[in-house]
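Shown next, in structure tokens, is the structure this report addresses.
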Amino acid sequence: MRTIFVLFDSLNRHALGCYGGSAVPTPNFDRFAKKAQVFDNHYVGSLPCMPARRDMQTGRLNFLHRSWGPLEPFDNSYARLLSQSGTYMHLITDHAHYFEDGGAGYATGFDSWEFIRGQENDPIKAMVEPPYARMRDGLDPQQYPFPDAPPDGVATSGNTDRNTWARSRAAVNGLFRQEEADYPLARCFASALEYLEINRDADNWFLQLECFDPHEPFTAPARYREAVDKRTGETGYEGGLLDWPNYERVTETPEQIAEMRANYAALVTMCDAYFGRLLDWMDAADAWDDTAIVLTTDHGYLLGEHEWWAKSRMPYYQEIAHIPLVVWLPGQPGNGARAAQLTQTTDLMPTFLGFHGVPVPAEVRAHSLMPVLEGGSSGRESAILGMFGGPVCVTDGRYTYFRFPEKGQTAPPLYTLMPAHMAQPFSVEDLRGAEMVPPFDFTKGVPVLRVDCGTGNAQAGFDVLNTWKEGSVLYDVETDPGQTTSLENSEVIARLAGEIRAHMQAHDAPAALYDYYDLPRPGAKTAAPAASEKTNHNMAC
């Protein structure tokens, strides 16, 4: 068996024609969907980027124990398990988070890997004194907030806020892209096609082709934006480049909103075009009979829906949580059909092991997609998702219930042996009160470090609590897909609260987390909460 795992970042489900998208054509995604099996109820697990990838690699939810961070020594990584069983594992990616402190261990679990440099703020060019005045020309100053000259505190990442540094580095990278072949997306697919040609006649390999696009900044060659304008018309916007929304509420004009959506659409169009090159190789190599392809993303992205931009600052609306998944496995009865069964990001790990005949470790809590591909059940009645410290969401495919911490709750502790934020280790101050505590059921007898959590340690999770004051809410996404009207239904709330508790028990969640979400600890008697207790109350952390 040969497997190609194509993972895009922030690829919105509703942007694809095979999921009803109509704003821009996606002929190659749609072409693949007609041949493969399309999953209609696939959801995220932990958010955002690296927590989602730990879910994928291990078949367990990350957000119940820890925020963003490296793979742990006790984690069952599918890359290592498949490699140890004789499958050659290769990663091609331009996702720079793998090569920060908070991404340790993910890429190096593969037998070989290629890191395509220069995406987003990855500082591929060491420019000590960037030409800020020239770079600012044609850019929107709110999205690219750097001065005309490089004063103290802007030239280095250690002496400025990360947002200013990141956007200045992205602008520097743009100075060195001369043609389409220079774009990281194009280079990722060029490397993938080279790998496929080299290994055209080989068997038992796994290629993970992971592209940061269409994550912001929404940067694509002009021809893709021209194609969008030709189809939908020009936006009427006249100003600096708008391709990197700030993670905040929408305050822009209709023209500015349309401009950013058009730039996102242009990048999706580019992703579709390059994915088509992979499908062309499959046709030319006659590889459909012995090669599986899995296409998905880590999470979605708000482009002004619910009056928000991006992610990580608001409840995990459907645009963020309900994501695409399309799977081709040779010889399966589900090929060419759609799957209504509820599935989740974590389910990829046991599925990949199943493709290559590798046993699933006991610590895995996910469900292989193999039964669904064969026309059977997913084994799921519900799924929970979220960010560490933020609200926990549960869905059964019809309802989504966001349960916020009770008012007055302090932040729960986190548990790790690899204490790192996104781009740096935990500080000495972060760790001053840390202590070793007994193992969880997935740490293979290894004790872990308990760290009393502040908002800095939880990173994005607490941001949701600070921006959402409406308390826990329930939506019926069957009758209200836009999640515009919260429901008062004590019976459904009690049932879904029970599902949250059951998932937490299955994942051996720490006891403090039950208190945080006002759920009975394991072994305690349960009682149905009244709707008035679980909806429209204020929360704080």
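The values are calculated or read from the model by the stated rules, or taken from the named source; none is laboratory data. Note that the structure is predicted; figures quoted are calculated from it, not measured. Every residue, glycine among them, receives a Cβ derived from its backbone with ideal geometry; neighbour counts consider all protein chains shown.
Summary table below
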{"read-out": "Cross-chain or 6+ apart pairs with Cβ under 7 Å, region 117-134 first and touching a residue at least 24 places away in the same chain (Cβ under 8 Å), then in a loop (DSSP other than H, G, I, E, B) and basic (Lys, Arg)", "value": "ILE124/ARG117"}
{"read-out": "Selection count, region 239-277, where residues are farther than 15 Å from THR26 by Cα, in a helix (DSSP H, G or I) and touching a strand residue (DSSP E or B) at 6+ places or on another chain (Cβ under 7 Å)", "value": "2"}
{"read-out": "Condition check for MET50: touching a Leu at 6+ places or on another chain (Cβ under 6 Å) and either within 23 Å of ALA292 (Cα to Cα) or not basic (Lys, Arg) (or both)", "value": "no"}
{"read-out": "Single unsatisfied condition, LYS407 versus (1) more than 21 Å from the chain's Cα centre (by Cα); (2) in contact (Cβ under 8 Å) with a residue 60 or more places away in the chain; (3) buried (at least 19 other Cβ atoms within 10 Å of the Cβ)", "value": "(3)"}
{"read-out": "Options ARG80, ARG66; residue that is in a helix (DSSP H, G or I), in the same structural domain as VAL6 (by TED's automatic domain parsing) and within 24 Å of ASP347 (Cβ to Cβ)", "value": "ARG80"}
{"read-out": "Which numbered condition VAL446 misses (of (1) part of a loop (DSSP other than H, G, I, E, B); (2) hydrophobic (A, V, I, L, M, F, W, C); (3) in contact with a helix residue (DSSP H, G or I) (Cβ under 9 Å, 6 or more places away or on another chain))", "value": "(3)"}
{"read-out": "Selection within region 83-94 - hydroxyl-bearing (Ser, Thr, Tyr) and part of a helix (DSSP H, G or I)", "value": "SER83"}
{"read-out": "Test: residue in region 471-492 that is within 30 Å of VAL364 (Cα to Cα), in a loop (DSSP other than H, G, I, E, B) and not assigned by TED's automatic domain parsing to the domain that holds ARG66", "value": "yes"}
{"read-out": "Test: residue in region 420-442 that is at pLDDT below 95, in a loop (DSSP other than H, G, I, E, B), polar (S, T, N, Q) and under 30 Å from PRO123 (Cα atoms)", "value": "yes"}
{"read-out": "Odd one out for HIS97, checked against (1) in a helix (DSSP H, G or I); (2) over 13 Å from the mean Cα position of the chain (by Cα); (3) under 30 Å from THR219 (Cα atoms)", "value": "(2)"}
{"read-out": "Residue list for region 358-385, restricted to those being under 19 Å from SER83 (Cα atoms) and touching a residue at least 60 places away in the same chain (Cβ under 8 Å)", "value": "VAL358, VAL360, PRO361, GLU363, VAL364"}
{"read-out": "Wholly enclosed helices (runs of 4 or more DSSP H) of region 122-211 bearing at least 3 residues modelled with pLDDT of 90 or more and surrounded by 12 or more Cβ atoms within 10 Å (Cβ to Cβ)", "value": "162-175, 184-198"}
